[in-house]
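Encoded as structure tokens, the structure appears first; notes follow it.
The values are calculated or read from the model by the stated rules, or taken from the named source; none is laboratory data. Remember, predicted model here, so these are calculated numbers, not experimental data. Cβ coordinates were reconstructed from backbone atoms using ideal geometry, including for glycine residues, and neighbour counts include every protein chain displayed.
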Amino acid sequence: MHKYQLALKDKQIVWGKAIDIEPLIGKYPNDSIRLGTNEALDWNLPAGIYRAKDIVMELDKMLEAMLVQLGEPVNGDPTVLLNSLQANLAISGRLSALPLGPLALEDKAGLELTAQAVRIGEQLVSWARDINSEKRALAQYGSEALGKLEFRSHCYGHPLIPEATAQVWGPHGGPRIMQIYNEYLHQFVLLRDALLPFSNWEEVPFEVKEYTEFNGLRFLEPIREVFITQLLGKKLTHKSIVQYAQGVVSSGLNVAGYGFQYSLGTVLPAGLGESARTAALYLLKWHPVQTIAADETQDVIAVSFDYEYDDYYAAPRVEAGKGTPLNEDTFSLSGENYDKPIIAWLLPNYGTDRTTLRFSIEVDEHEFSVDLGQLFRGQRFMYRPHRSGNAGTSFPQRNTISSHFAADILSHPGLVTNKDDIHFIATGGNELVLWALLGKLYPENVILLDKGDPEELEAAYVSGKGFGTQFLLL
């Protein structure tokens, strides 16, 4: 069995069974252009496995049909229609279908998803322009067939730029063209919004089924409505993002944890395999791996990954102890240089009712494992050393700082905390050790340093909640 390996600089995270989904992409039993009613041609996505660019290629058939039907005044030039698509996928402006820009979202989830919406929208429009320039549909079907495309689009919510309005409702346009264009725009909006949770959205494979009551991606509308309401209302949680992602890829799961496995791979928080200092906090990432093994007679099973502690506040806690006192001269030199571990393993623990994953490493010839979900909690709740007007302003005496070895912290059961003072733990630049500590420390007043120099330390002392014990990780 070939293990899946995820690189983290010079380290690796290894687990499960690597899977190849490439043979499944693009295998469709039907065509998206097919005979409808009254000898007209209809459009619908055939059942199958898609990535984002595959969807854009199928949507281009509608655009090419519109250009054929608009005739000589447009002469096959998609510029105006694509410019209006770009305005719909923008996050600001009168035509925006998702006006995140004017909301000025300041919560971490909102900021990440706003940036996602910009990246995805721009790339989708770029693909749409490039694909249309190739005129594949025209070569495949011919102008006579594309001229017969006609269907009813049950969507009225996408305004157009003035130039597009003039084309669509001009002498060569009319309701027939408008219906196709409405559907074209709406499918792009659904595609962009479906991909928002995923940092590697271009790679994510998802299943589309054909429904008698839905065209294309319209089966996503109910879950999209819930998700966008939470996003615009600034009430989005990590679990709600996971819940939405599960629906997008048709996992069949009804409950959500911090990640999940579905028929085409595993989805976990995007921080895995990235530096904890710079990784996204709320986005997810798809991996081509079967994390939980199925019987040889079974397909890949759908599984939700649960936190070991559903409520970390109620989790058992132990005190780290006093450690070794530090002073200003020895602070940045304390701790060990962890050349090892170079590999971390994800180990499943599953039963009939819940499934958890352990992040396992070997430090100083001892094996330690922490709950993978708690790692991501620790990352979401950690602080960076920035001054805050809400934090305390008094600096502690240097003799209130003590040092701890990472192995000592990891050896404790439950989550590690302390009553008071400042506690420093060096990781020697080893990202695997750093991630393990984020999963072991009680996620309150944990501050991640970059250098440990005096200026950064002064900022760290007034970061976090501004009171209580602090854990500084370097």
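Yes or no, residue by residue, for (1) part of a strand (DSSP E or B); (2) among the aromatic types (Phe, Trp, Tyr):
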site	(1), (2)
279	no, no
282	no, yes
292	no, no
295	no, no
300	no, no
304	yes, no
309	no, yes
322	no, no
Which members of the range 97-145 meet the condition of being within 20 Å of residue 188 (Cα to Cα), out of contact with any Ser or Thr (no Cβ under 7 Å at 6 or more places or on another chain) and small (Gly, Ala, Ser)? 97, 115, 117, 121, 126, 128, 133, 137
By my count, helices (runs of 4 or more DSSP H) wholly in the range 56-159 with at least 2 residues that are over 20 Å from residue 226 (Cα atoms) and in contact (Cβ under 8 Å) with a residue 60 or more places away in the chain are 79-89, 108-134, 136-146
Restricting attention to the range 213-243, the residues that are in contact (Cβ under 8 Å) with a residue 40 or more places away in the chain and either in a loop (DSSP other than H, G, I, E, B) or among the polar types (S, T, N, Q) (or both) number exactly 6
Here are the criteria: (1) touching a residue at least 40 places away in the same chain (Cβ under 8 Å); (2) surrounded by fewer than 19 Cβ atoms within 10 Å (Cβ to Cβ). Tell me which single one residue 31 does not satisfy. (1)
So, residue 247, is that one within 28 Å of residue 362 (Cα to Cα), at pLDDT 95 or above and either surrounded by 14 or more Cβ atoms within 10 Å (Cβ to Cβ) or touching a Leu at 6+ places or on another chain (Cβ under 6 Å) (or both) or not? no
Candidates 253, 268 - the one that is crowded, with 17+ Cβ neighbours inside 10 Å, hydrophobic (A, V, I, L, M, F, W, C) and part of a loop (DSSP other than H, G, I, E, B): 253
Among (1) exposed (fewer than 14 other Cβ atoms within 10 Å of the Cβ); (2) not in a helix (DSSP H, G or I), where does residue 23 come up short? (2)
Can you tell me which of (1) closer than 21 Å to residue 168 by Cα; (2) surrounded by 19 or more Cβ atoms within 10 Å (Cβ to Cβ); (3) touching a strand residue (DSSP E or B) at 6+ places or on another chain (Cβ under 9 Å); (4) not basic (Lys, Arg) is the one residue 49 doesn't meet? (1)
So which of 109, 90, 65 is closer than 24 Å to residue 152 by Cα and not β-branched (Val, Ile, Thr)? 65
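Restricting to the range 37-46, and then to whatever is more than 15 Å from residue 214 (Cβ to Cβ) and either surrounded by 14 or more Cβ atoms within 10 Å (Cβ to Cβ) or among the small types (Gly, Ala, Ser) (or both), can you tell me which residue is modelled with the lowest pLDDT?
Among residues in the range 37-46 that are more than 15 Å from residue 214 (Cβ to Cβ) and either surrounded by 14 or more Cβ atoms within 10 Å (Cβ to Cβ) or among the small types (Gly, Ala, Ser) (or both), the one modelled with the lowest pLDDT is 40.
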Just for the range 123-151: of the residues that are of a type in the set (D, E, K, R) and surrounded by 13 or more Cβ atoms within 10 Å (Cβ to Cβ), which one is nearest to residue 283 (Cα to Cα)? 129
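Quick check on residue 185: is it under 22 Å from residue 49 (Cα atoms), assigned by TED's automatic domain parsing to the domain that holds residue 34 and touching a His at 6+ places or on another chain (Cβ under 7 Å)?
For residue 185, the condition - under 22 Å from residue 49 (Cα atoms), assigned by TED's automatic domain parsing to the domain that holds residue 34 and touching a His at 6+ places or on another chain (Cβ under 7 Å) - is met.
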If we scan the range 114-125, do we find a residue that is closer than 28 Å to residue 147 by Cα and either in contact with a helix residue (DSSP H, G or I) (Cβ under 6 Å, 6 or more places away or on another chain) or modelled with pLDDT of 95 or more (or both)? yes
